[in-house]
Amino acid sequence: MGGVTEIVTQTPTVKALAERFTGDVYLSMIETPAGPARLAAALVRFTPGARTNWHSHANGQTLHITDGVGLVGTRDGDVVRVGAGQIVKCPPGEEHWHGGTDTTLMAHIAMVVGDAHGDGTTWLEPVTDEQYAAALARHRD
């Protein structure tokens with residue numbers, strides 16, 4: 001007994017909102033919260049130099065890097081370089097950003113668990129070019 005319960009038609013890839021990202025970023029939704037389920041998941045593709053704004057998640061966020069090389073930074077100045085196959089867990093409420101390097105794209109599956117009011121993401125101001133350059137300088141090959 002068993003089998004495939006449901007095959008879902010892939011949603012169209014869309015360009016991410018300019019007020020939440022710097023550079024060209026593309027989103028393909030995997031799971032949108034519905035009913036009692038609260039998981040939101042998306043494949044997010046960052047072109048070189050593209051990145052999120054500062055943001056936080058009420059219940060944290062998990063990023064599974066699927067391709068390329070990127071950076072994840074936090075307000076305290078900690079920045080990690082990430083690559084395909086790695087998983088990053090951002091704790092609840094931590095203000096952070098993520099994106100590609102200046103020379104490489106990066107793609108990840110972003111997963112958040114929301115609540116009855118949405119996905120629990122609080123979007124903040126853009127990561128400045130100076131903040132991004134400092135992160136890059138710390139992680140040159």
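At pLDDT 95 or above and farther than 24 Å from LEU136 by Cβ: does that describe PRO12?
Here the answer is no, as PRO12 does not meet what is asked.
Kindly indicate the residue of segment 63-89 that is touching a Ser or Thr at 6+ places or on another chain (Cβ under 7 Å) and of a type in the set (A, V, I, L, M, F, W, C) and also nearest to THR128 (Cα to Cα) among those meeting that condition.
LEU71
Assuming ILE109 fulfils every condition listed in (1) touching a residue at least 60 places away in the same chain (Cβ under 8 Å); (2) over 11 Å from the mean Cα position of the chain (by Cα); (3) over 13 Å from ARG51 (Cβ atoms) apart from one, which condition is it?
So ILE109 meets the others, but not (2).
Going residue by residue through segment 53-60, is there one that turns out to be of a type in the set (A, V, I, L, M), under 15 Å from GLY120 (Cβ atoms), over 11 Å from the mean Cα position of the chain (by Cα) and surrounded by fewer than 16 Cβ atoms within 10 Å (Cβ to Cβ)?
Checking segment 53-60: not a single residue is of a type in the set (A, V, I, L, M), under 15 Å from GLY120 (Cβ atoms), over 11 Å from the mean Cα position of the chain (by Cα) and surrounded by fewer than 16 Cβ atoms within 10 Å (Cβ to Cβ).
List every residue pair whose Cβ atoms sit under 7 Å apart, with the two residues 6 or more apart in sequence or on different chains, where the first one lies in segment 34-45 and is of a type in the set (Ser, Thr, Tyr) and the second, anywhere, is part of a strand (DSSP E or B).
Pairs found: none.
So which residues in segment 3-22 are surrounded by 16 or more Cβ atoms within 10 Å (Cβ to Cβ) and either part of a strand (DSSP E or B) or over 14 Å from the mean Cα position of the chain (by Cα) (or both)?
PHE21, THR22
Which of the strands (runs of 3 or more DSSP E) found entirely inside segment 39-141 contain at least 1 residues meeting this: farther than 28 Å from GLN10 by Cα and modelled with pLDDT of 95 or more?
By residue number, 61-74, 79-83, 96-100.
Which one of the conditions (1) among the hydroxyl-bearing types (Ser, Thr, Tyr); (2) surrounded by 19 or more Cβ atoms within 10 Å (Cβ to Cβ); (3) free of Cβ contacts under 8 Å to residues at least 60 places away in the same chain does TYR132 fail to meet, given that it meets all the rest?
Of everything listed in (1) among the hydroxyl-bearing types (Ser, Thr, Tyr); (2) surrounded by 19 or more Cβ atoms within 10 Å (Cβ to Cβ); (3) free of Cβ contacts under 8 Å to residues at least 60 places away in the same chain, TYR132 misses just condition (3).
The values are calculated or read from the model by the stated rules, or taken from the named source; none is laboratory data. All values derive from a computational prediction rather than experimental measurement. FYI the Cβ positions are ideal-geometry reconstructions off the backbone, even for glycines, and counts take in every protein chain you see.
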